[in-house]
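> First the structure, which I've put down as structure tokens, then a few questions once you've had a look.
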Amino acid sequence: MSDDQPRLSPLHDRHVSLGAKLAGFGGWSMPLEYAAGTVKEHTAVRSAVGLFDVSHLGKAMVTGPGAAAHVNATLSNDLGRIAPGRAQYTLCCDDATGGIVDDLIAYYHSDENVLLVPNAANHAEVCRRLRDAAPEGVEVVDHHTDYAVLALQGPRSDEVLTAVGLPVGHDYMTFVEAAWPADGGDLGVVVCRTGYTGERGYELIVRSDAAGALWDALLAAGEEHGILPCGLGSRDTLRTEMGYPLHGQDITLDVTPVQARLGWAVGWKKDAFWGRDVLLAEKEAGPERLLRGLRAVGRGIPRPGMRVSLTPDVPLCEITSGTFSPTLRTGIGLALVPTMVAPDAEVGVDIRGRREVFQLVKPPFVDTSVRED
């Protein structure tokens, strides 16, 4: 495969047969939406259950004596807050600037085994930084194409997993390893109570060569529950409703955790992590901008790159994420707004030459409690 050819998911043929509209994501060709369309897929996740292929996400294992200590000394969050069998949202920051190289999930298997799942576009860079800084005996092993990741999300996800014989009911941000099929199968599946939609759900990590069988079983078991295969278009509208940032848009190397309201994912009391000194200084001084939500007062739908102004002649920033919210039936967005602006101010967004009024709000836009029920 040449460098300019996108990688294909191990489920690519199934997406094609389902009529998926494909698009590029982080160097991968992935489904944007299926025949039902983004809004119906979004609604299925909020009301029933949806199945996503997110195999483009990175997978890297940090192994060896001191593996967990190495992760803890470099990434932002504090693994000491959790125990083996739990997952943690964390950030890889640049040591000099504090900017966010990537946001990722750490799955803490043991002190000598931590699985990291970064974003596709940043996977190689995260691995490189961790590998370059690794002490003797600690390895960073790239498993990007060895495993697939399926995300089963929605209030009926437990019923679907139960029907295929996989474990359910463990706490939010925990994971269990299971054999599949349940009747003596030898396929290992890591069943994670994590997700990017804000709904109760699971992410399943499975060998790439076995992903197709699991995908087929989940769709068959979910048919009576209203399951839909879902593309990354609905994943984007779902995460925007939750106010979850997307790397490359809302968070980048030019944005710090303090500015992005991600200080809760920083172990401020740790002795060391990349960017610690500059981030502590910014936290103490206060950031000059904050990631804020915008909700339309009228009918405007914001899109990334649209200009935000306090008054027509006082520009502020640009929309970083923006969409129509199928749940709220209105336009919503995110933007890095200067902190001088009142948190509940009304601002304007330039939508194709027309100034539409938006209310600044604190994300999320929808109820977050359901993800932990």
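> Under a plain spin-label model, where a point goes 7 Å from the Cα along Cα-to-Cβ, how far apart in nm are Arg299 and Leu328?
1.9
> I've got another one for you. Provide the per residue accessible area, probe 1.4 Å, for segment 276-373, rounded to a whole number of square angstrom.
Counting only protein heavy atoms, the per-residue value for segment 276-373 is 53 Å².
> While we're here: Sort the following peptides by mean Cβ neighbour count (other Cβ atoms within 10 Å, averaged over residues), highest first: 305-318, 202-215.
202-215, 305-318
> Let me ask you something else. What ³J(HN,Hα) values, in whole Hz, does the Karplus curve 6.51 cos²θ - 1.76 cosθ + 1.60 give for segment 174-186 when θ = phi - 60°, with x put for Gly and Pro?
Coupling constants for segment 174-186: 10, 8, 9, 9, 9, 8, 9, x, 5, 8, x, x, 10 Hz.
> May I ask you to list the GluC sites (Glu not before Pro) in segment 205-298 that are in a DSSP loop and have at most 16 other Cβ atoms within 10 Å of their Cβ?
Glu288
> So, with a 1.4 angstrom probe, what is the percent of accessible area on the chain that is carbon and sulfur?
51
> Residue by residue through segment 139-151, what is 3J(HN,Hα) from phi via Karplus (6.51 cos²θ - 1.76 cosθ + 1.60, θ = phi - 60°)? Round to whole Hz and write x for glycine and proline.
10, 10, 9, 7, 10, 3, 9, 7, 10, 9, 10, 10, 10
> I need the peptides 293-302, 343-352 ranked by packing, meaning the mean over residues of other C-beta atoms within 10 angstrom, with the highest value on top.
Averaged packing, sorted descending, gives the order 293-302, 343-352.
> Using a cut-off of 20 Å between alpha-carbon atoms, which aspartates and glutamates can reach Lys283, once sequence neighbours fewer than 8 places away in the same chain are excluded?
Answer for Lys283, where 20 Å is the Cα cut-off: Asp78, Asp94, Asp95, Asp102, Asp103, Asp250, Asp254, Asp271, listed by chain and number.
> OK, next. Using the Karplus curve 6.51 cos²θ - 1.76 cosθ + 1.60 with θ = phi - 60°, what ³J(HN,Hα) values do you get for each residue of segment 89-97, in whole Hz, with x for Gly and Pro?
Each residue of segment 89-97 in turn: 6, 8, 10, 9, 10, 6, 5, 7, 10 Hz.
> Within 10 Å, count the other beta carbons around each residue, average over each peptide in 180-191, 161-172, 74-85, and list them highest first.
In descending order of packing, they fall as 74-85, 161-172, 180-191.
> Right, something else. What does the convex hull of the Cα atoms of the chain come to per residue, in Å³, rounded to a whole number?
Looking at the chain, the number lands at 144 Å³ per residue.
> Give the accessible surface of segment 65-133 per residue, rounded to a whole number of Å², with probe radius 1.4 Å and ligands, DNA and RNA excluded.
Using a 1.4 Å probe on heavy atoms only, each residue of segment 65-133 averages 34 Å².
The values are calculated or read from the model by the stated rules, or taken from the named source; none is laboratory data. Here the structure is a predicted model, which means the values were calculated and not measured. Every residue, glycine as well, gets a Cβ built from its backbone with ideal geometry; the counts of neighbours run over all protein chains shown. For accessibility, only protein heavy atoms count, side chains too; no ligands or nucleic acids. Shrake-Rupley method; radii C 1.70, N 1.55, O 1.52, S 1.80 Å.
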